[in-house]
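Reviewing the structure listed below.
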Amino acid sequence: MGYGIEHMTKNRIRVKCKEILDSYDEGEYVSDEDYCFLCAVYTQSQDSKEIFGCGLEKISVTREHTYYNRCFQVHRKDGSVGIYGFMSCIYPRGVEMAYNSFRFAVIRQMFLFGVVNGVTEDEEVNHIIPFRKLVNDFLAQKRLTISNVAIRKHPAKTGVWEIVDTGLMHEWREYHRANAKLEPVSASEHGNNM
């Protein structure tokens, strides 16, 4: 694996990536030490060839435009850039994409909460009950697991996955509306309830 991550648990790698993300302002490049750690994480991705391309020059912090979350942006030697999440490097792709499809299904609810509650640019909407617990509790009621949920690429949004079963998606939205407890938190606190 490299850079010591072979001796770390998946959760510790996730926490370390989040600590790195939260320690920089948007547009700021990460230090050499953090760059090496993130490169070691990115080598674990199924998309590592795409991520590294012709070679990485640097990594910065930016905001992703679908969910408006802070994330890392890779800068390649040929001048091209790309946004790649670290979670899919740590956890199996199918599971991560499935959770993201559930998040995408309720993104409007979260956005409206932010508008109504005056969430600022320095804040994000956080689930008080961890998001994955909400999803897993919902699926348990349906006698499903996250790996049983069929997902597909969204036809109009690049990098976004959606739940295939529209009935399940609508039931999830209602469950989320009734059970999710949301709160505005500083961007540095967000991610503790993933």
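Looking at I51, I83, which one is under 28 Å from V185 (Cβ atoms), within 20 Å of the chain's Cα centre (by Cα) and either touching a residue at least 12 places away in the same chain (Cβ under 8 Å) or assigned by TED's automatic domain parsing to the domain that holds F113 (or both)?
Numbers: I51 fails: under 28 Å from V185 (Cβ atoms).
Only one candidate passes the filter, namely I83.
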Picked from the stretch 141-160 (must be farther than 19 Å from G94 by Cβ and at pLDDT 90 or above), the residue surrounded by the most Cβ atoms within 10 Å (Cβ to Cβ) is Q141
Would you be able to say whether some residue in the stretch 44-63 is in contact with a strand residue (DSSP E or B) (Cβ under 9 Å, 6 or more places away or on another chain), at pLDDT below 85 and surrounded by 14 or more Cβ atoms within 10 Å (Cβ to Cβ)? yes
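Yes or no: V115 in contact (Cβ under 8 Å) with a residue 12 or more places away in the chain, outside the structural domain of I59 (by TED's automatic domain parsing) and among the aliphatic types (A, V, I, L, M)? Outline the logic, then answer.
Values: in contact (Cβ under 8 Å) with a residue 12 or more places away in the chain: no; outside the structural domain of I59 (by TED's automatic domain parsing): yes; among the aliphatic types (A, V, I, L, M): yes.
Here the answer is no, as V115 does not meet what is asked.
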How many of the residues in the stretch 149-182 are free of Cβ contacts under 8 Å to residues at least 40 places away in the same chain, among the acidic types (D, E) and outside any helix (DSSP H, G or I)? 1
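On the given criteria, is L56 more than 30 Å from M169 (Cβ to Cβ) and either aliphatic (A, V, I, L, M) or touching a Gly at 6+ places or on another chain (Cβ under 7 Å) (or both)? Step through it out loud before you land on a result.
On the way: more than 30 Å from M169 (Cβ to Cβ): yes; either aliphatic (A, V, I, L, M) or touching a Gly at 6+ places or on another chain (Cβ under 7 Å) (or both): yes.
Judged against the criteria, L56 is a match.
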For the stretch 170-186, how many residues are closer than 14 Å to D137 by Cα, within 19 Å of the chain's Cα centre (by Cα) and among the small types (G, A, S)? 1
Suppose we filter the stretch 21-43 for residues that are part of a loop (DSSP other than H, G, I, E, B) and crowded, with 17+ Cβ neighbours inside 10 Å; how many remain? 2
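The values are calculated or read from the model by the stated rules, or taken from the named source; none is laboratory data. Note that the structure is a prediction, hence the values are computed from the model and not measured. Because the Cβ atoms are built from the backbone with ideal geometry, glycine has one as well, and the counts that use them run over all protein chains shown.
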